[in-house]
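Scroll down for the structure; my scribbles are underneath it.
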Amino acid sequence: MASLKNLVKLQSRLCLRDTSKVICSFSTSARDDAKKDYKLVVIGGGTGGFAVTSKFAKKLGKGQIAVVEPNEEHYYQSMFTLVGGGLKTLEQAHRPTGSLLPDGVDWIKDSVAEFDAQNNFIVTQKGDKVRYDFLVIAMGIQLNYEKIKGALDALKHDPMVCSNYRPPFVSKTFEAIKNFKEGNAIFTLPNTPIKCAGAPQKIMYLADYHFRAMGKRHNANIYYRTSLPFMFTVKKYADALFEVAKNRGIDVAFRRCLIEVKHESKEAIFEDLENGNIETLKYAMLHLVPPMSCPDVLTKHKDIVDETGWVDVNKDTLQHKKYPNIFALGDCTNLPTSKTAAAVSSQSRVLQRNLNALLDGKPMKAVYDGYTSCPLITTKGKVIMAEFGFDQEPLETFPINQAKERRFMYHLKKDFMPHLYWKGLVKGHWNGPKYLRRILHLGMSK
Ligand SMILES: Cc1cc2nc3c(=O)[nH]c(=O)nc-3n(C[C@H](O)[C@H](O)[C@H](O)COP(=O)(O)OP(=O)(O)OC[C@H]3O[C@@H](n4cnc5c(N)ncnc54)[C@H](O)[C@@H]3O)c2cc1C
């Protein structure tokens, strides 16, 4: 009779697809067999994880890199706004995770449960220990819907409550817009850092567009309730957006945080963050955005996060402040810039150059400028293209006023950027528009 060890070995062989791509996780008794050693381990197979993995796959070679990612599907989340707004389908927004994996890279289909940064290994949910020489953390941001009382119940039971931030809920958004008849349509932004801080507004402008197209706008009171004290962090775009909201007849209130949803009575309850007063609004439609945080599995490791609870990296080099063989990028970091895929594109290049330098024993020279971007859809066919850096000053690619609503920018967002994402960013080929910006601005200054 085959011993348990042999059975595990057989199972192990069956689980390895072509170039050792998929590493299955095993039961506790098989932990030692599953133990693995890698030159580079990347945690998270999202935007940042694949951007970095693709860049190092060739250089490090077969079997030297592993990506730890539990999900079978990879979502292009920037498209969720268009899905919620009825301009794309959810089907168009995802690919199987395995199809994005570069040749020779192992996929550990599991979640990280523990980090031991002092001894250079991580432990997965199923108990496998994975050792690394270098680690890249790209675990994104955690959605905390449960922190708004009644929100998950409302999302589950009320077809008119939706949220573009998670796949099952984003599918509800366009249905809610189409089925809207009359009353209050409310859009919220929570009191925490979030990914794509423009997204809560973009879907509101698309709802406004559809209500008008359906001849229902006169029946709708559109409310924007944001925890922020402004429309957007960069004044140039904040001013432009305030004008857009005013012209569309949207009721905007700042420093208002959604704290409870009562779906039986169709009420949304807000706290005024300035004075603690409570505002209760009836809703006919509610698009809510959850509070967010760095994933719990990271925040429990106080040596990895800073005092505010985000992965503690040097903002210039993206190297961890305490552990030189750890780098991080994207939404889970404390990089003082807006959390977007656009930011990840620039970060991935800086990380690549600096980690390469470290691997080759050379000094790290690449410096991140904080580049981030947010294509602010203001209606079907128009976008304000916000692009800025660390100092909240515009860092625009095109030598035109990007705070103006433009059709060209809309097509860039809707038709061109999906290709840039699937063929460029997650394949390791798109590093942000830095050089394009230089060329275009040089052309103008001549
Ligand atoms: C509605 C919406 C609209 C947006 N619009 C835009 C836009 O217009 N432009 C723009 O640039 N950006 C936009 N974004 C933001 C953009 O999608 C994110 O900023 C970007 O995906 C961040 O990349 P990341 O790698 O940090 O995180 P993610 O891409 O979220 O990847 C994190 C990965 O880590 C994995 N992970 C988590 N925990 C673990 C664990 N314990 N073990 C292993 N793996 C784990 C997750 O499964 C996930 O695959 C939008 C996002 C949303 C939701």
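The values are calculated or read from the model by the stated rules, or taken from the named source; none is laboratory data. Only a predicted model underlies this, so the values are computations on that prediction, with no experimental measurement involved. Note that we place each Cβ from the backbone using ideal geometry, even for glycine, and neighbour counts take in every protein chain shown. For the accessible areas, the whole protein counts, side chains as well, though only heavy atoms, and no ligand, DNA or RNA atoms are used. Shrake-Rupley method; radii C 1.70, N 1.55, O 1.52, S 1.80 Å.
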Segment 68-128: strands (runs of 3 or more DSSP E) wholly inside it with 2 or more residues that are more than 11 Å from the ligand (Cβ to nearest atom) and closer than 14 Å to GLY49 by Cβ are 105-108
Residues of segment 279-330 satisfying the condition of being under 30 Å from ALA220 (Cβ atoms), in a loop (DSSP other than H, G, I, E, B) and within 16 Å of the ligand (Cβ to nearest atom): LEU288, VAL289, PRO290, PRO291
Output the residues belonging to segment 403-430 that are open to solvent by less than 60 Å² (accessible area, probe 1.4 Å), within 14 Å of the ligand (Cβ to nearest atom) and in a loop (DSSP other than H, G, I, E, B). VAL426, GLY428
Only one of ILE137, ILE148, ILE122 is closer than 20 Å to PHE187 by Cβ, crowded, with 20+ Cβ neighbours inside 10 Å, touching a strand residue (DSSP E or B) at 6+ places or on another chain (Cβ under 7 Å) and of a type outside the set (Ser, Thr, Tyr), namely ILE148
Could we say that LYS362 is among the basic types (Lys, Arg), within 20 Å of LEU60 (Cα to Cα) and more than 24 Å from the chain's Cα centre (by Cα) here? yes
Could you please tell me which pairs satisfy a Cβ distance under 9 Å, a separation of 6+ or placement on different chains, a first residue in segment 65-90 that is of a type in the set (D, E, K, R), and a second residue that is surrounded by fewer than 17 Cβ atoms within 10 Å (Cβ to Cβ) and not in a loop (DSSP other than H, G, I, E, B)? GLU72/PRO96; GLU72/GLY98; GLU73/HIS94; GLU73/ARG95; GLU73/PRO96; GLU73/PRO167
Turns out the helices (runs of 4 or more DSSP H) fully within segment 134-251 with at least 3 residues that are within 15 Å of the ligand (Cβ to nearest atom) and not assigned by TED's automatic domain parsing to the domain that holds LEU318 are 167-179, 199-213
